[in-house]
Amino acid sequence: MTTAIRTDYEIVVGVEVHCQLKTRSKMFCSCERDYFDTPPNTHVCPVCLGAPGVLPVINRQAVRLTILTGLAMGCEIPAESKFDRKNYPYPDLVKGYQISQFDQPLCMGGIVEIELDGVTKTIRLERIHLEEDTARLLHRDDGAEPYSLLDVNRSGVPLMEMVSQPDLRSGAETAAFLRKLRQTLRYLDVSDADMDKGSFRFDVNISLRPVGQETLGTKVELKNMNSFRSAQRAVEFEVERQTAILDSGGRVVQETRGYVDATGETASQRSKEEAHDYRYFPEPDLPPLRIAREEVAALRATLPELPDAKRARFQQKYGLTPDEAAALAETRERADAFEQAVRLVGDAARGRAVAHWFMGDVARLLHAGEGEVELSDSRLTPGHIAELVRLVEDRTVTANTAKEVLEAAFESGEMPSAIVEARGLRQVNDAGAIDDVARRVIEANAKAVDDYRGGKDSAIKFLVGQVMREMRGRANPQSATDALRAHLDGDA
Ligand SMILES: [Zn+2]
């Protein structure tokens, strides 16, 4: 389907993101929070099983991580907050209700800045609140009839929900917003934010309205997306679908739709008629929370340097381009490894040389297996990169040899200087030795020599290449060029 997207509708997208917080224990009990790779129903107790008569206790660390996130996004932190019961029947909700926050969330407002094609845009947040995750249904289809099993390990895991205002205007903006949000959560180290493990999940609401109209159109909620790319494609598909409906005079039905990766299309899951009235009321088993200003100030003081600030500083301090700075500040770990290498080189002015290693050959080696890989996933350390930079700059090895040394270090973990010594890779700067080879190359390549003397200056490159080959890449390229020119131009 390649219907052209009309421009007389405005695309309105809002996002709700759920992210599991990186605490030690669950939200309201002392069960271990991390359930990934654990047998089902092993991290459970009467509280997270929802047994009658038990009392929940608020996880202080989960509250702190939520407030820290709010501070990073410029939210207001109200002095008082409370928990509420959200009632709905579902097989994965063991208590029959979820403890969430209704009208007094921990964080109000806030913003996330996204950048697309060099243009910065501010997306407003409505709120950030704290709740508990549900249990998990494991669907099986290995018997006469399909059935479902219940794993309660996830029940009660601290879940932070971030709700955006409907400020996004395209699939690309939606994906950029989600990426930026996840990047920030990882910088803050409040969550693994791992989509494969389900610790970062999102719903996307999308509607269209005629340009200039104030009221929002009928929205469709998209669920079950497992990548940023799916989010972008799902929004783009919905824009086409809803445009076609509106253009033909129809009405968009308010419903929940799922995105099907295989087809790149969305499909109806349930209509609004089946939506629940949650009958929120204040959680009777938990007291309201008073958030001391001193505690908020203390948390603010622990905020790390965030991605935008880091990018700006990298550009300014190391003379990097915006793209280079963005690539190195992509993760906090990569940024730290880069800066450690620069420190080991001992000169911020050579940050650019360090950056080129990280973004060029090192990135190529790390991504050979695809996925998100950092230096620490390999045998390389910032010390390896720093040593390579020094070996090239003090002309111990040529740039080409350095690449070979890097690959050897990547395989073995050996330090570059040790590899250079063991393999005899030192650059030859000895003018006499280079001169001898240059003379031999000139004698053996009459055609290229004639070309050069006939005014074809590029022939010199071929001759330099021959010298390098003779010397197994270890000749200083400038010395080789100088030696050749001295003979060729001198004899002319
Ligand atoms: Zn428990």
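Things to note:
- Residue count for the stretch 15-39, restricted to those that are aromatic (Phe, Trp, Tyr) and either within 16 Å of the ligand (Cβ to nearest atom) or surrounded by 24 or more Cβ atoms within 10 Å (Cβ to Cβ) (or both): 2.
- Sole residue being open to solvent by less than 70 Å² (accessible area, probe 1.4 Å), among the small types (Gly, Ala, Ser), outside the structural domain of ALA62 (by TED's automatic domain parsing) and free of Cβ contacts under 8 Å to residues at least 40 places away in the same chain, chosen from ALA267, ALA326: ALA326
- Breaking point among (1) assigned to a loop (DSSP other than H, G, I, E, B); (2) of a type outside the set (A, V, I, L, M); (3) within 16 Å of the ligand (Cβ to nearest atom), for PRO78: (3)
- Exactly one residue out of VAL464, VAL405 is free of Cβ contacts under 8 Å to residues at least 24 places away in the same chain and touching a Pro at 6+ places or on another chain (Cβ under 6 Å): that is VAL405.
- ILE67 modelled with pLDDT of 95 or more, open to solvent by less than 20 Å² (accessible area, probe 1.4 Å), part of a strand (DSSP E or B) and not charged (D, E, K, R): no
- As for the stretch 285-301, it holds no residue that is closer than 22 Å to LEU181 by Cβ, open to solvent by 50 Å² or more (accessible area, probe 1.4 Å) and within 22 Å of the chain's Cα centre (by Cα).
- Extreme residue, nearest to ARG293 (Cα to Cα), among residues of the stretch 87-118 that are of a type in the set (Phe, Trp, Tyr) and open to solvent by less than 50 Å² (accessible area, probe 1.4 Å): TYR97
- Matching residues, the stretch 48-62, being surrounded by fewer than 21 Cβ atoms within 10 Å (Cβ to Cβ) and outside any loop (DSSP other than H, G, I, E, B): LEU49, ARG60, GLN61
- Failed item in (1) under 42 Å from the mean Cα position of the chain (by Cα); (2) surrounded by fewer than 20 Cβ atoms within 10 Å (Cβ to Cβ), with VAL420 passing the rest: (2)
- Candidate set: the stretch 7-50, residues that are charged (D, E, K, R) and in contact (Cβ under 8 Å) with a residue 24 or more places away in the chain; chosen: the one farthest from LEU150 (Cα to Cα): ASP8
- Test: residue in the stretch 432-444 that is under 30 Å from ASP194 (Cα atoms) and in a helix (DSSP H, G or I): no
- Taking the stretch 106-207 and the strands (runs of 3 or more DSSP E) fully enclosed by it, no element has 3 or more residues that are among the small types (Gly, Ala, Ser), modelled with pLDDT under 95 and farther than 30 Å from ALA325 by Cβ.
- Lone unmet requirement of (1) within 16 Å of the ligand (Cβ to nearest atom); (2) open to solvent by less than 40 Å² (accessible area, probe 1.4 Å); (3) within 20 Å of PRO284 (Cα to Cα) for ASP84: (1)
A quick yes/no check of all residues on (1) surrounded by 15 or more Cβ atoms within 10 Å (Cβ to Cβ); (2) within 17 Å of the chain's Cα centre (by Cα); (3) among the hydrophobic types (A, V, I, L, M, F, W, C):
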position	(1), (2), (3)
ALA348	no, no, yes
GLU372	no, yes, no
VAL405	yes, no, yes
PHE410	yes, no, yes
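- When the criteria are applied in full, LEU137 fails the requirement of being open to solvent by less than 40 Å² (accessible area, probe 1.4 Å) and among the hydrophobic types (A, V, I, L, M, F, W, C).
The values are calculated or read from the model by the stated rules, or taken from the named source; none is laboratory data. These figures come from a predicted structure and were not determined experimentally. Cβ: placed from backbone, ideal geometry, glycine included. Neighbour counts: every protein chain shown. Remember, those area values only see protein heavy atoms, side chains included, never the ligands or the DNA or RNA. Shrake-Rupley method; radii C 1.70, N 1.55, O 1.52, S 1.80 Å.
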